[in-house]
Structure formats: structure tokens, C-alpha cells
Amino acid sequence: MKVVRNYLYNAGYQILALITPLITAPYISRTLKPHGVGIYADTNAWIQWFVLIASIGIALYGNREIAYVRDDKEKMSRTFWEIQIVKLVMTLVAYIALVIFLQIYTKYTWYIWVQSINILAATLDISWLYMGLEDFKRTVIRNTGVKILSLVLILTFVKTPNDVALYIFLTGFSTLLGNATLWPRLRVMLTKVKLSTLRPLRHIKPSLALFVPQIATQIYLILNKNMLGIIVNSTAVGYYNNSDSLVKMVLALVTATGTVMLPHVASEFAKGNKKAINEMLYSSFDFISFLSVAMAFGLAAVSLHGVPYFYGIGYGPVGPAIMIESVVIVIIGWSNAIGVQYLLPTNRVTEFSTSVILGAVMNFVLNFPLMELWGLNGAMISTVLSEVMVTGYQLWTIRKDIEYRRLFTNMWKYLLGGFVMFVPVSWLDRNLHTSVLTIFIEIILGIVVYMITMLILKPTILSKASEMIKQKLRRN
């Protein structure tokens, strides 16, 4: 039940994270206009490379390492400070690299310097410690505060298309302040350690092992924006950012399981409990399929009219882009289950890294012809094909460890339910006058149709959920 509770904490936050942009995104899109949104997306894409250098793969690595030693407070304390020292050094490296970069890249220099507050925010981020301890309540409270603060600041101070730099600063400052709030509790969580006992260098090689796939991931998460800005223009980057952000907001509800399951699986791996790990994968994969298929079909159904209405006048190209990209909700959901919830906690980093590198290479190769041919939509097609490569390779690597039949036993039911939902919702999206009310009606209709279809088809997840509820009631 602890895993379920942690998922509910994380999913609850992801729902808030979904709701907040529903307020800020249309406001910012209308206030900053496509060009301003494009500047934000373009400069944020560049700064994420330096955030990545400062973080050096520690979000995943630190989470796993803390999970390994969390039963020994002294070891955990040493591990924490060793890893954090590595982050501090890499932050200095990141800023040196940024200074060198800005001698070469002189476009939007001022905006990139403002974006650099995100590097400091990443340095102060110790949520990996709390996640390794499976203390999701505190990180959720912190993240909730950040979202609310960011919302209030943006709606209060961002008023004109000239407020791009202010918008960048407020979003970065909110994150920085939120990360700082996790530090005071360290005096209770950790014991004092002697500086002479710390060996931070031992964490460099394994964290770099996770740094490599994160660089590769950045290639097809951020390089798409960089290349769109060069091959097309900054406005196309803004369209891509809005499309990708909405898809990732929905996807966050699915991948919330990965953050919760990684430390749990790592703890079982440390105990040598392979059977329990496999059972967790089967259950998690099925749950992710149940959610992701519904969300992918639902988002695609309202994309052509509902999404451009959501962002405002001038954002028509975002609709078709989202319809193409919605496929990745399922694909990334699966790779999250296999990669983050299975390969990483069981220390199969090489296989995980290889999958992401293959996806990055495919993305880079496909971007040139597809962006030249179809611009924004070409970038989306490239993204989808890259994610298919990642997930396909991961499925191949675990072929001897799991039964495919158990992974996909309910998949046809979810796909049928998604299609049955898509037909009436997309018809309404095309034929009703688009408004907040009609979009709300379409969403509710989609949920009702999908759930009715599930009740008819009876996938095994319903019986598992029913049994879990009964067990909870019996305990109470």
C-alpha cells in the first residue's frame, strides 16, 4: 500500500501540475504572443544543456543510491554529501561552459543569462534524497508550493509581450525557492559526517553512466527545438514547445509511477528478490497501458480544434502537431516502465543507455530531412519514431527475463476502448462550436465511454483494483 500511497501523492501533484498550465499556458500564449513564447522556448532549450551538466545524471543515480543504503543512516549521510559535492563542482563547470558558449552564440544572450537561474535551481534540488527514502509527501508539498507561487507571480507581473525576461526569471526563481525549502530538514534526516571520510570521486563514474543516456535524451527533447529554430524559425519552436508541453503534462500522470517505483524496486533488488521485481513490472506496465492509451486517444480527439482554442489565436499549427505526438504518451509510458522502473533500479544501466542513444541517433538523423520537408510536423514524426526505437530496444533487452504475453495481455482491450472513445469525441470536436464548455463535455464523454468499455471488456486491472480496495477496507 505504501507504493500506492506514494503514487497517489505523486499523481495528485501531477494533476496540479496539469491544472496550473491550463491557467498559465493560455495566459502566457496570449500575453507574450507566439514570438515571445518562441524566445522562451528557444533559450530554455539551450540552457537545459547546462542544467544537465550541473545535474550530471544525479536525479536518477542519487535516488537509486539512497534507496540502496537508506537502512544505514551513517552510510546514507555520507552518500548524500559525496553526491552533493559532485553536483557543486559540476555547477561550476556548467557556468564556465556557459560563458564559453556565449562567446560563440550571441543570439538572445540576455535571455539565456536570465535562464541560467535554472542551473542554480538544479544545484539546490535534493528531491532525489527524499525519493530514495520514498518520502514523496514532502517533495509533493514542495512542488505544490512552487506551482502555486509561480502561478501567482506570473499572473501578477507578466502583462505585456515585452515581459519575456521577467517570465523567464519568475519561473526559474519559483523553482529555486522551492528547492531551497528541502534543505532545512537535513539536520534531522542526516547524521554528522567527517569531511575526511567523504569519497565523492567514487560517484563520478556511475553518475556519468547515467549522464550519457540523459545527454542522449536531451538530444531528442531539446535538440528538436534548437534545430527547428535554425532550420525554420523561433515561432516554430514556440509551437513545438506548446505541443510538447501539453503532451508531457498529460504524460506526467502516467510516468508518475516511475518516480515511485524506482526506489522500491532498487530496495527489492538489494535484497535479491527477482520474482517480486518481475511482478511489479507486470502490474506497473499494465496500469501504464490502461492510463496511457486512454490519454493518447483522448488528447488526439480534441487536438485539432480544442487545443488551438486553448492556446489562442495564432496557434493553429499546434493542433496537428499534438495529434501526431500523442502517440508517444503510450510509447514513453512503456519505456518508463521498462527503463526507469526495471533496468535502472536493477543496475542494467548499459542497456538503458544504449536504448536512449539509439533513439537520439535516429532523432538526429531524421530531423534534417523531416524538418526540411514538413517543418514542425516533421519534428513531431521524428520524435515519435525515436521513442519507438527506444522502447523497442528495451523490450528486446528484457526478452529473456519476462513474458511478453503477460505484459500485453490486456492491450487489445485498451486499444479498442481508446478507439471507441476517440470516434464520438473527435466528432464533437470537429462539429461543435469550440468553447470551454464543449471541451469539458468532450473530456467527460471520453472518460465515461472509455470506462464503460472497460467494464464490458473486463481487463484484469479492474479485478486487481477491486481486490486492493477490499483489502484496504478489511484493514480499516
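Values in this text are rule-based calculations from the coordinates and carry no lab data. It should be emphasised that the depicted structure is a prediction, and the values quoted were computed from it without experimental measurement. Glycine gets a Cβ as well: all are built from the backbone with ideal geometry, and neighbour counts include every protein chain shown.
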Surrounding net charge for Trp128, when Lys and Arg each add one and Asp and Glu each subtract one, Cβ distance under 14 Å: 0
The chain: DSSP helices with Cα axial extent of at least 20 Å and average Kyte-Doolittle hydropathy no lower than -1.0: 2-55, 73-104, 136-157, 164-180, 204-221, 234-270, 274-301, 349-397, 411-431, 436-457, 460-475
Total formal charge among the other residues, if their Cβ is under 9 angstrom from that of Thr383, Lys/Arg +1 and Asp/Glu -1: -3
Given charges at Cβ of Lys, Arg, Asp, Glu: the chain dipole, positive-most of Thr171, Val349, Pro308: Val349
Listed peptides 452-458, 420-426, 158-164 by packing density, highest first (mean Cβ within 10 Å): 420-426, 158-164, 452-458
Unit charges at the beta carbon, dipole of region 2-475: most positive-side option, Ser55, Ala296, Ile215: Ser55
When each of Lys137/Lys413; Lys107/Lys225; Lys75/Lys194; Lys147/Lys248 is checked by Cα-Cα distance, pairs over 23 Å: Lys137/Lys413
CD proxy at 222 nm, helix term only [per DSSP H run n ≥ 4: -39500 (n - 2.57); per residue of the chain; nearest 500]: -28000 deg cm²/dmol
Taking region 2-475 and dividing mean pair separation by its residue count, relative contact order in percent (alpha carbons under 8 Å, at least six apart): 19
Charged-residue dipole, Cβ positions (Lys, Arg, Asp, Glu), region 2-475 about Cα centre, Debye nearest 20: 1600
Region 296-441 - charge dipole about Cα centre, Lys and Arg +1 at Cβ, Asp and Glu -1, debye rounded to 20: 400
